[in-house]
Amino acid sequence: MSDLFKPFLKNKRQQDLFAKADKIAKQVKQRVPEAEKNATFPLENLNDLKRENYVSLPLPKEYGGQEISLYELILLQERLAAGDGSTALSIGWHMGIVMELSEQNVWSQDKFAMIAKEIGENKKVLNRVATEPATGSPTRGGVPETRAVRDGNHYIVNGRKSFATMADVLDYYIVSTYVEDQEAVGWFLISKETSGVRVEHTWDTLGMRGTGSDDVIFTDVKVTDDLLVELTSGPKKPSPKGWLLHIPACYSGIAIAARNEAIAFAKSYQPNSLDTTISEVPHVKQKIGEMDLKLMQARHFMYHIAEKWDENPEERDSLGTELAAVKTVTTNIASEVVDLAMRIAGGKGLAKSNRFEQYYRDVRAGLHNPPMDDMVIQMLANQALKDD
């Protein structure tokens, strides 16, 4: 496993961080069957992440974090995903959001300090919940049907959110709403323990079952107006979000796991029709080489763009297209790598007794995470047409 990561470990700090992710990955891997069966995010996985202070890594040092870079984030997330993709994708949302709040002054200083202390001292975990049955993905621009109505010094929030990753084990939700008195879209920080908040177990999907992305229902939830942490007034051009590279890092990690198991299978499986294991069969060698070539292409692209983000902050506003391209390239290549791994395993790869078929199901989910392929291709075309 570590051989594929060694070229990307540049210093002692990264080696130490990687060791942390490596330890957690081995722990959460053991609980995959449980998560697959129940379509839930195992609480024990979250406890492992909290125990190792993983959830606070993106915070500034003054709040108990390590101010990890984007490069370090994808390094950690890719290794974690090689243990369990669902765990990596799930905690990746928390990690990325905390990184964004830490670096980009999205919230006022006092609001950020409040949540940073909760994460740093109490290891609280959060996620944005924005997707709704009627509006679909928020990246498509739909106005939330969830409503916040002012009532004195409070707001009353009503609505339903779907695809709420880790819904049942989160400590806080950052909830998108239409704030009626502001005539704008806003975000409220709402504790899971608030009266009127309820999780409905609706998650029963083909892949990424262990993310526990259930529905969260808000019924007459009363929140103070200071918990309105973000407000969008008028059209605003979205800025590139480097932390979203946690998505391709996750699917790359799944592909690495499939690649490793396919090689292990090839080196151990010897049908009685052969004098050697199938690892010596030319077409199997061909597929192994193709897997590594594809992973090399996708991973070097991903880590290179992460380095550009970290080393050239002044250029971040111009990196949107490249960030989006990384997601499209990496998730599609990850699917191709897992397909090759399945071809090496043959019919045995369909058995529930091994993880090939799970990798095959999980990696497909990457094609449906934002940004979608069609939007990325349009971005590239529009940029090309603007060039002289």
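The values are calculated or read from the model by the stated rules, or taken from the named source; none is laboratory data. Please read these numbers as outputs of a predicted model, since none were measured by experiment. Cβ coordinates were reconstructed from backbone atoms using ideal geometry, including for glycine residues, and neighbour counts include every protein chain displayed.
Annotations for the structure displayed:
- Residue within the stretch 59-78 that is within 22 Å of L206 (Cα to Cα), touching a Phe, Trp or Tyr at 6+ places or on another chain (Cβ under 9 Å) and not assigned by TED's automatic domain parsing to the domain that holds E307 present: yes
- Condition check for E121: over 25 Å from S239 (Cβ atoms) and either acidic (D, E) or in a strand (DSSP E or B) (or both): yes
- Test set (1) surrounded by fewer than 16 Cβ atoms within 10 Å (Cβ to Cβ); (2) touching a residue at least 40 places away in the same chain (Cβ under 8 Å); (3) of a type outside the set (A, V, I, L, M); (4) on the phi < 0 side of the Ramachandran plot - D220 fails condition number: (4)
- Highlighted here are the helices (runs of 4 or more DSSP H) found entirely within the stretch 269-375 that include at least 1 residues which are within 24 Å of R209 (Cα to Cα) and at pLDDT 95 or above: 320-345, 356-364.
- On inspection, E311 fails the criterion of being in contact with a helix residue (DSSP H, G or I) (Cβ under 8 Å, 6 or more places away or on another chain), surrounded by fewer than 16 Cβ atoms within 10 Å (Cβ to Cβ) and not assigned by TED's automatic domain parsing to the domain that holds G96.
- When the stretch 238-268 is limited to residues that are charged (D, E, K, R) and part of a helix (DSSP H, G or I), the one that is farthest from the chain's Cα centre (by Cα) turns out to be K267.
Here's the yes/no breakdown for (1) modelled with pLDDT of 95 or more; (2) farther than 26 Å from L49 by Cβ:
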{"site": "K123", "(1), (2)": "yes, no"}
{"site": "G141", "(1), (2)": "no, yes"}
{"site": "E145", "(1), (2)": "yes, yes"}
{"site": "G159", "(1), (2)": "yes, yes"}
{"site": "V179", "(1), (2)": "yes, yes"}
{"site": "G186", "(1), (2)": "yes, yes"}
{"site": "I190", "(1), (2)": "yes, no"}
{"site": "R198", "(1), (2)": "yes, no"}
{"site": "R209", "(1), (2)": "yes, no"}
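- With respect to the conditions (1) over 30 Å from V337 (Cα atoms); (2) modelled with pLDDT under 95, G136 falls short on a single one, namely (1).
- Check on A324, loosely packed, with under 13 Cβ neighbours inside 10 Å and either free of Cβ contacts under 8 Å to residues at least 24 places away in the same chain or more than 19 Å from E72 (Cβ to Cβ) (or both): no
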